[in-house]
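One structure is given below, represented as structure tokens, and several questions about it will come after.
The values are calculated or read from the model by the stated rules, or taken from the named source; none is laboratory data. Every value quoted in this text rests on a predicted model; they were computed, and no experiment measured them. Every residue, glycine among them, receives a Cβ derived from its backbone with ideal geometry; neighbour counts consider all protein chains shown. All accessible areas refer to the heavy atoms of the entire protein, side chains included, with ligands and DNA or RNA removed. Shrake-Rupley method; radii C 1.70, N 1.55, O 1.52, S 1.80 Å.
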Amino acid sequence: MSLNNRLSKTFRRYFISYMVILLFPLITGVISYQVSVNVAKESSIESSELILNKSKEILESRIMEIDRFTRQLALNNFNRHLLAKKDSYQLDVYSLLETSRYISTYAHSNDFLDDFYLYFKNYDAVLKGGSVYFRADHFYELYHYDHLSYDEWKKTILEANHQGEIIPLRSYSSNKRNLSVITYVQSLPFNTFSESLGTAVVTIDHQQIGVLLEGLTKQYGGWAFIADKEGNPLTMMGIGEDGIGDIISKLESDINSTFELEDNEEMLISIESGFNGWNYVAGIPKEGLMKKAKMIKQITWAVTGSTLFIGVFICLLLAHKESTPINNLLHVVKEQFGSDPSNHKSEFDFLHGNISKLIVNNKTLEKELSSQNELLKDTFIKSLLNGEVYSPKGIANRAEQLQIFFRGEVGIVGILQINGYGDMENREIHNELSTSRFILKRTLRKLEPSILMTDLNSDKVAFILTVDTEKEEVINNEATRLIESLSSSVVESYRIAVSAFIGNSFKGYQQINRSYYEAREAFDLVSTKINERKMIWYKDIARETNIFYYPIDLELRLINLLNAGEASDAKDILKQTFHENLCEKELSPQIVGSYSKK
């Protein structure tokens, strides 16, 4: 590089900037040791608090999974009626066994569900992971609390009313294994304040929770524990129950996190959960805190000394490295735009002005692409209505590319006609209809953001309404509500009268064409009076019942599907044709016989 380039304004600015930066290590070296203790303490606190917060989030999510599982279990078809009171003793072995198998499948999804069991009071039966104990005392022999008798266990755990309660740490025998567990208990059915009909119980080994806190003890050699809002320990690492009681008494309940240096020996960190009021507490020894401080002291002087010798050289090197690309960019911009950087205050002003031009050009291009995207969306919607897209996966992928979002694969298709124009045709009428269509589509978009619309001709708009339910009544009510709201809004605000022709609901993207054809057939069969609002349903039209149903659109779509190798969709169309002709119509025996032979 020439001397002129190396000593350019850009090079000098970078060199001066790096020299200023070079002064900071020299100044910092004097005071770094004094602040090293605070830096190390903050680093340790942040790391420990991060571990505690992560442990809290994981534990809370596991508890929420257990709660959701018990709720799902209560609503399961096999055991929903098991909770109902019975006039006489009936042993529903099938439902009990199915429920036990259902429990077993979930035991592998959450480590906390290993020791999950379900009690039904009506049967005095206990279900656990594929096993059914038809007497609760048989279950108690294998799984019981060491200091709780059978009667106490049954009275306080199984038959008492619990609403997602957590029982503190207790010694527990699980199939001849001695454990210390906390217990999650939920009475069934949910939110009942009367007599409990069943109980879901989850016993959680405290070591499974303690694994979440191992990072603190291994990293700093400290201790950690979790206690409930009453101060009862749930799990502990590196500390005993006596020490936990003393620490809990020192924590202030109105502070979320507490950092205290106890007798200059250890740092105390406490986090209170807003989910269940549990306290997550950790202690870091002073040696763990000062370990990083000693390292900082050693490297501070080494960095300060080396900076004096090599700092200037690095500044020159970096200034050259950073200024070279800018100088090259200036040269390229100058050649492309033909302007002279010397006419500007600095090189950056020169680049700023020319890059602004590029941004303006880019935004203009984006607007053009956006308009093209709207055309592609309209083409895609017309393809759906005409049945030109066959694969459900292809439809979903194309919709995702065009940023079209369906509420579900179920919905309904309709045609909106603007009344009052008849066969009138001139420029003014055309402009009025264009404005009316725009108002209709804008109003529909406000009422239902997910609706898809396209113009059919000058006075008609087709729409595709998707919903997230398969209930026919809900779909029809949603469409009725939408059309009535649209009609009232445009009449009151713009005096636009609209008629709607609606087909039957579709149960998949491939059936959109069928619903559209029905809406179009409803339009062809019913004449609309000028300025009269109507809502015509295909299902309400008195159709010919003695004529074989096989329209040309359906035939063309079937041919296209067979050519494309879409056998499944072709079968659906044949089933649809069969249902329409043999179930909905009253065909003559000759026509039915010829259709059956085919």
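Condition first: touching a Gly at 6+ places or on another chain (Cβ under 9 Å), farther than 15 Å from S48 by Cα and outside any loop (DSSP other than H, G, I, E, B). Now tell me which residues in segment 221-235 satisfy that.
Listed by number, the residues that qualify are P233, T235.
Right, something else. Checking A160 against (1) of a type in the set (G, A, S); (2) surrounded by 13 or more Cβ atoms within 10 Å (Cβ to Cβ); (3) part of a strand (DSSP E or B), only one condition comes out false. Which one?
Evaluating A160 over (1) of a type in the set (G, A, S); (2) surrounded by 13 or more Cβ atoms within 10 Å (Cβ to Cβ); (3) part of a strand (DSSP E or B) leaves (3) as the failure.
Another one. Might you check whether a residue that is in contact (Cβ under 8 Å) with a residue 60 or more places away in the chain and either open to solvent by less than 60 Å² (accessible area, probe 1.4 Å) or farther than 15 Å from V185 by Cβ (or both) occurs anywhere in segment 129-142?
Narrowing segment 129-142 to residues in contact (Cβ under 8 Å) with a residue 60 or more places away in the chain: none.
No, because not a single residue in segment 129-142 is in contact (Cβ under 8 Å) with a residue 60 or more places away in the chain and either open to solvent by less than 60 Å² (accessible area, probe 1.4 Å) or farther than 15 Å from V185 by Cβ (or both).
Sticking with this structure for a sec: Tally time: how many residues in segment 499-524 are of a type in the set (D, E) and open to solvent by 30 Å² or more (accessible area, probe 1.4 Å)?
Number satisfying all stated conditions: 2.
Within segment 20-36, is there a residue that is part of a helix (DSSP H, G or I) and either at pLDDT 80 or above or in contact with a Leu (Cβ under 6 Å, 6 or more places away or on another chain) (or both)?
Taking every residue of segment 20-36 in turn, at least one turns out to be part of a helix (DSSP H, G or I) and either at pLDDT 80 or above or in contact with a Leu (Cβ under 6 Å, 6 or more places away or on another chain) (or both).
Related question: Could you grab me the full set of residues in segment 340-397 that are in contact with a Phe, Trp or Tyr (Cβ under 6 Å, 6 or more places away or on another chain) and at pLDDT below 70?
Filtering segment 340-397 down to residues in contact with a Phe, Trp or Tyr (Cβ under 6 Å, 6 or more places away or on another chain) leaves 341, 344, 354, 385, 392, 395.
P341, H344, listed by residue number.
Among the numbered criteria (1) of a type in the set (A, V, I, L, M, F, W, C); (2) closer than 23 Å to A462 by Cα; (3) modelled with pLDDT under 70, which single criterion is violated by I591?
It is condition (2) that I591 fails.
Related question: Return the only residue of I247, I166 being outside any loop (DSSP other than H, G, I, E, B), open to solvent by 20 Å² or more (accessible area, probe 1.4 Å), under 28 Å from Y117 (Cα atoms) and modelled with pLDDT of 75 or more.
Step by step, each of I247, I166 is checked, and only I166 is outside any loop (DSSP other than H, G, I, E, B), open to solvent by 20 Å² or more (accessible area, probe 1.4 Å), under 28 Å from Y117 (Cα atoms) and modelled with pLDDT of 75 or more.
Of the conditions (1) free of Cβ contacts under 8 Å to residues at least 12 places away in the same chain; (2) in contact with a Leu (Cβ under 7 Å, 6 or more places away or on another chain), K218 clears all except one; give me its number.
Going through (1) free of Cβ contacts under 8 Å to residues at least 12 places away in the same chain; (2) in contact with a Leu (Cβ under 7 Å, 6 or more places away or on another chain) one by one, K218 breaks only (2).
Out of the residues in segment 448-460 that are without any contact (Cβ under 8 Å) to a residue 40 or more places away in the chain and in a loop (DSSP other than H, G, I, E, B), state the one that is nearest to K377 (Cα to Cα).
Looking at the filtered set, the residue picked out is I451.
Then there's this: Does segment 57-66 contain at least one residue that is open to solvent by 80 Å² or more (accessible area, probe 1.4 Å), more than 30 Å from W223 (Cβ to Cβ), modelled with pLDDT of 80 or more and part of a helix (DSSP H, G or I)?
no
Which of (1) touching an Asp or Glu at 6+ places or on another chain (Cβ under 6 Å); (2) open to solvent by 20 Å² or more (accessible area, probe 1.4 Å); (3) within 19 Å of M535 (Cβ to Cβ) does E478 not meet, given it meets every other one?
Going through (1) touching an Asp or Glu at 6+ places or on another chain (Cβ under 6 Å); (2) open to solvent by 20 Å² or more (accessible area, probe 1.4 Å); (3) within 19 Å of M535 (Cβ to Cβ) one by one, E478 breaks only (1).
Can L486 be described as modelled with pLDDT of 90 or more, open to solvent by less than 50 Å² (accessible area, probe 1.4 Å) and under 28 Å from the mean Cα position of the chain (by Cα)?
On the way: modelled with pLDDT of 90 or more: yes; open to solvent by less than 50 Å² (accessible area, probe 1.4 Å): yes; under 28 Å from the mean Cα position of the chain (by Cα): no.
No, not satisfied.
For segment 169-185, which positions are crowded, with 19+ Cβ neighbours inside 10 Å, modelled with pLDDT of 85 or more and closer than 23 Å to S61 by Cα? Don't jump to the end; show me each part of the working.
Step one: filter segment 169-185 for residues crowded, with 19+ Cβ neighbours inside 10 Å, giving 169, 172, 181-185.
Cutting the leftovers down to modelled with pLDDT of 85 or more gives us 172, 181-185.
Of everything in segment 169-185, those that are crowded, with 19+ Cβ neighbours inside 10 Å, modelled with pLDDT of 85 or more and closer than 23 Å to S61 by Cα turn out to be V181, I182, T183, Y184, V185.
Are any of the residues in segment 429-447 part of a strand (DSSP E or B) and either out of contact with any Ser or Thr (no Cβ under 8 Å at 6 or more places or on another chain) or in contact (Cβ under 8 Å) with a residue 12 or more places away in the chain (or both)?
no
Go through segment 97-121 and count every residue that is modelled with pLDDT of 80 or more and more than 20 Å from N178 (Cα to Cα).
4
Continuing with the same structure: Answer yes or no as to whether L308 is assigned to a helix (DSSP H, G or I), at pLDDT below 80, farther than 18 Å from Y14 by Cα and over 49 Å from the mean Cα position of the chain (by Cα).
yes
Would you point out which residue out of I464, I496 is in contact (Cβ under 8 Å) with a residue 40 or more places away in the chain, open to solvent by less than 50 Å² (accessible area, probe 1.4 Å) and not in a strand (DSSP E or B)?
The conditions single out I496.
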